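To start, the structure under review is shown below, and the notes come after it.
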Amino acid sequence: MYILADFIESLGNLDSLFDLEEQVILHLRKSFQLVVAEYLRQLDETLVPSIPAENTFINRQARTIEFMFGAVNFERRCYLRPNGSYYFPLDEQLQLEERKRISPYFKSVVAKIGQTTTMRNTAAMINLASQTDISAWSVDRIIRDMADTVKTEEKSSEEKLVKKRKVENLVVEGDAFEIHKINRRRQDVHHYIVFESGLDGTRSISEMTVFTASDGGPGYNPKSMREIVPSAQRVEFTIDRYHFVKKIKQTFGLFNPLVDKAVKSVSLYDQNQLNVILDTFESQIKTDKELESLRVLRQYLARNWQFIKSPHDRGFMRVGKLGSVESSHRAYTYRMKKQGKVWSEKGLEAMLKLIEARVNGKLDKYLRGGLRKLQELTIEIATESLKTLSSAQLSNKHHSKHIGVLSGKIPVDAPTSSPIGAMAKIFSN
């Protein structure tokens with residue numbers, strides 16, 4: 001290929017390995033921008049025979065799509081329908097949305113990175129990797145769009161008829177964490193995990209015992225958890241020892257030597273010994289606040305002691321350990337809490353939907369299904385011309401500077417309410 005030969009010849013002008021790598025990346029980007037532009041031009045030509053005879057060809061209009069490897073500028077045919085509406089066959093074939101300049105794959109990358117760090121950091125990482133100029137505002141908009149895509153694909157997937165699996169035991173764990181919203185409001189996010197144990201393929205939920213687990217707090221008491229699986233033959237509610245131990249440590253203090261003894265009595269399910277330890281701690285109390293804290297702990301232990309015994313200790317030998325819901329919060333809270341993060345209603349819903357899909361191992365599936373991959377299209381074009389593109393053609397794309405002319409660029413994601421965004425909107429279609 002001419003491009004490769006010309007690039008090798010230019011290596012003599014490079015001064016360092018840094019310059020070499022920089023030029024390789026730049027050259028590859030420019031090369032593939034040209035290749036994809038030619039590909040789209042040819043694809044547009046292949047659609048001509050399928051255009052209804054009553055439609056009138058108007059002209060060819062330019063459009064720019066921002067890919068991860070850079071912006072691709074191309075022209076496509078515009079037609080006028082008998083009803084007076086204009087349309088672009090290539091846009092319809094590729095299912096390109098009107099006035100949208102970000103490619104589907106680009107959007108999926110933004111959606112994946114945006115779940116792990118702030119919108120501003122996501123924009124910075126994307127711009128560094130792709131040499132684009134996307135903003136935090138645009139990242140937020142893409143996140144919301146991709147959440148809608150995931151939501152639609154999730155609903156479609158649930159509606160499809162699939163062979164349902166039957167299990168011997170079903171475990172449902174529930175808990176909540178708090179998120180800060182704008183205007184100093186707060187909202188609890190309820191999080192449930194469902195997992196199975198002991199596959200035998202013969203039983204339905206109406207024939208099985210379902211184990212529910214939580215910390216026993218408001219909305220997660222035995223009655224509330226029972227309502228999640230009303231058709232189950234039997235429901236066994238459990239409070240895992242983690243929550244008991246956590247409340248004991250909060251009341252006693254981390255460095256109190258009675259903590260280890262209290263934890264041991266909980267592990268042995270020895271209520272009498274635990275009461276002795278609580279009495280001992282009460283004799284050490286010096287403030288009314290500590291006394292009130294102990295009173296609350298005693299009520300919690302008395303109310304929930306019957307639920308601390310594990311399924312294994314109750315005779316259910318094929319149920320694993322409980323308590324995973326607490327640690328699994330991190331997938332959500334790491335992104336959505338601390339560092340002064342606050343969320344709008346729509347932003348909160350969008351981020352939760354994307355993280356939920358990732359945690360369930362469905363994000364890639366939903367994004368691929370919803371973003372309509374290019375390879376799903378039926379395309380037949382000649383590729384010979386794509387193999388002979390030379391670096392001379394690349395240089396023809398460059399515009400030299402002239403006196404009295406300022407060189408600049410229109411950001412791909414400027415708000416349409418701004419003057420520069422309005423200009424970008426005009427030229428994008």
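Quick notes on this structure:
- Close pairs from segment 269-289: first of a type in the set (A, V, I, L, M, F, W, C), partner open to solvent by 60 Å² or more (accessible area, probe 1.4 Å), Cβ under 8 Å, at least 6 apart: Ile277/Lys261; Leu278/Arg298; Ile285/Leu291
- Qualifying residues in segment 17-46 (those that are of a type outside the set (D, E, K, R) and in contact with a Phe, Trp or Tyr (Cβ under 6 Å, 6 or more places away or on another chain)) - the one most open to solvent (accessible area, probe 1.4 Å): Phe32
- Looking across segment 221-241, just one residue is among the basic types (Lys, Arg) and in contact with a Ser or Thr (Cβ under 6 Å, 6 or more places away or on another chain), and that is Arg234.
- Residue within segment 75-82 that is over 16 Å from Leu348 (Cα atoms), without any contact (Cβ under 8 Å) to a residue 60 or more places away in the chain and outside any strand (DSSP E or B) present: yes
- Any hit, segment 23-42, residues being touching a Cys at 6+ places or on another chain (Cβ under 7 Å) and over 18 Å from Gln131 (Cα atoms): no
- Under the condition of being touching a residue at least 60 places away in the same chain (Cβ under 8 Å) and either open to solvent by 40 Å² or more (accessible area, probe 1.4 Å) or touching an Asp or Glu at 6+ places or on another chain (Cβ under 7 Å) (or both), the residues counted in segment 111-139 number 11.
- Helices (runs of 4 or more DSSP H) wholly inside segment 309-391 that include at least 3 residues being within 30 Å of Phe32 (Cα to Cα) and either at pLDDT 75 or above or of a type in the set (Lys, Arg) (or both): 363-370
- Restricting attention to segment 261-286, the residues being farther than 13 Å from Ile248 by Cα, among the β-branched types (Val, Ile, Thr) and at pLDDT below 90 number 1.
- Condition met for Phe255 (open to solvent by 70 Å² or more (accessible area, probe 1.4 Å) and of a type in the set (Phe, Trp, Tyr)): yes
- Search result, residues across segment 263-281 that are open to solvent by 70 Å² or more (accessible area, probe 1.4 Å) and in a helix (DSSP H, G or I): Lys264, Gln271, Asn272, Gln273, Val276, Asp279
- Set Arg144, Arg185: member being open to solvent by 70 Å² or more (accessible area, probe 1.4 Å) and modelled with pLDDT under 85: Arg185
- Pairs, first under 29 Å from Asn275 (Cα atoms) and among the polar types (S, T, N, Q) in segment 220-246, second open to solvent by less than 60 Å² (accessible area, probe 1.4 Å) and modelled with pLDDT under 80, C-beta under 6 Å, six or more apart: Thr238/Ala213; Thr238/Leu322
- Scanning segment 223-236 for residues that are modelled with pLDDT of 80 or more, open to solvent by 30 Å² or more (accessible area, probe 1.4 Å), closer than 30 Å to Trp343 by Cβ and assigned to a loop (DSSP other than H, G, I, E, B) turns up at least one hit.
- Leading residue by the ranking (nearest to Leu367 (Cα to Cα)) among those in segment 47-74 that are assigned to a loop (DSSP other than H, G, I, E, B) and open to solvent by 50 Å² or more (accessible area, probe 1.4 Å): Phe69
The values are calculated or read from the model by the stated rules, or taken from the named source; none is laboratory data. In this text, all values refer to a predicted model and were calculated from it rather than measured experimentally. Using ideal geometry, Cβ is built from the backbone for each residue, glycine included, and neighbour counts are taken over all protein chains shown. To get the accessible areas, we keep the full protein, side chains included, count just its heavy atoms, and leave off ligands, DNA and RNA. Shrake-Rupley method; radii C 1.70, N 1.55, O 1.52, S 1.80 Å.
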